[in-house]
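Every read-out reported here was derived from the displayed coordinates using simple, explicitly stated rules and does not represent laboratory data. As the structure is a computational prediction, the values presented were derived from the model and not from experiment. So basically every Cβ, Gly included, is an ideal-geometry build from the backbone, and we count neighbours across all protein chains shown.
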Amino acid sequence: MTDSMYFYEPASGHGLPHDPFNALVAPRPIGWVSTRGADGILNLAPYSFFNAFNYHPPIVGFSSVGYKDSVRNAEATGEFCWNLATRPLAEAMNASCVAVAPEVDEFELAGLTPEPSKVVSVPRVAESPVSMECRVSQILQLAGADGELADTWVVFGEVVGVHIAGHLLKDGIYDTAAAQPIMRGGGPADYFQVEASQRFRMFRPR
């Protein structure tokens, strides 16, 4: 396979020991999403399908395979928070992804502190150096090219509040590497960390 292209059609299976799709579109930022249910119970869960989608208004979104608690809560309350998953918080982030009943509070399960937000009613993760308070703008159920609906929902939210730890602002510029963000790399258990040594600069042509 070193001198040729491996090709497969996903509908027919990949024929490999592990589905490579997640690893090919990688590394991906982690959507560590906190929500509050209509009953008031807190939920915290990481999503490997997450990103930013717009500047004005600022919009982020996460995709959930299955109509899980995060989607249900976001739809019920119209709010969620995104919290940056970092290398020091990796184990806690991983602990929060365990499949538990809706009445279980993952903040408590992972040993994390719910910090009240400024604009929305959903708390953020106090230990995370960056958090975004969001109001739901759209919830979409995905569909295939044939129009058949998938058991997957994408939740988009307008960012209405941003928290950044002061030490991450260097001369007013956010220092991405200093935050030690981790990202999902695909495979059964692969993650990657951003480090300053990996940075290079390339300005857009004018």
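The phi torsions of region 50-58, fed into the Karplus equation with coefficients 6.51, -1.76 and 1.60 and a -60° offset, translate into couplings of 8, 5, 9, 10, 7, 8, 10, x, x Hz, rounded to whole numbers, with Gly and Pro shown as x. Between region 87-103 and region 190-205, the C-alpha centres lie 27 angstrom from each other. Computed over every Cα-Cα pair of region 85-186 and binned at 10 Å starting from 0, the pair-distance distribution P(r) comes out as 12, 31, 39, 14, 3, 0 percent. As a calculated quantity, the FRET efficiency between Y55 and D190 at R0 = 35 Å, using C-beta atoms, amounts to about 0.70.
Listed by Cβ neighbour count within 10 Å, with the fewest neighbours leading, E133, E115 appear as E115, E133. Between E75 and S4, the FRET efficiency estimated from the beta carbon spacing at R0 = 41 angstrom works out to 0.30. Summarising the amide proton neighbourhood of Y47: residues at separation of 5 or more, or on other chains, whose placed amide H is nearer than 5 Å comprise G31, W32, V33.
Between amide H atoms placed 1.01 Å from N, distances below 5 Å from V162 occur with E133, all of them 5 or more places distant or on a separate chain. Mean-square fluctuations from a GNM of the chain, with a 10 angstrom spring cutoff on Cα atoms, peak among L142, L16, L109 at L16. Taking amide H as placed 1.01 Å from N in the peptide plane, V60 has its amide H under 5 Å from the amide H of F53, G157, V159, each at least 5 places away in sequence or on another chain. Can you work out ³J(HN,Hα) from phi for every residue in region 144-151, in order, using Karplus 6.51 cos²θ - 1.76 cosθ + 1.60 and θ = phi - 60°, giving whole Hz and x for Gly and Pro? Once θ is set to phi - 60°, the couplings for region 144-151 become x, 4, 8, x, 6, 5, 9, 7 Hz.
List the residues of region 125-156 whose backbone N lies under 20 Å from a point placed 7 Å from the Cα of S12 along the Cα-to-Cβ direction. Counting backbone N atoms under 20 Å from the label point, the list is 145-146.
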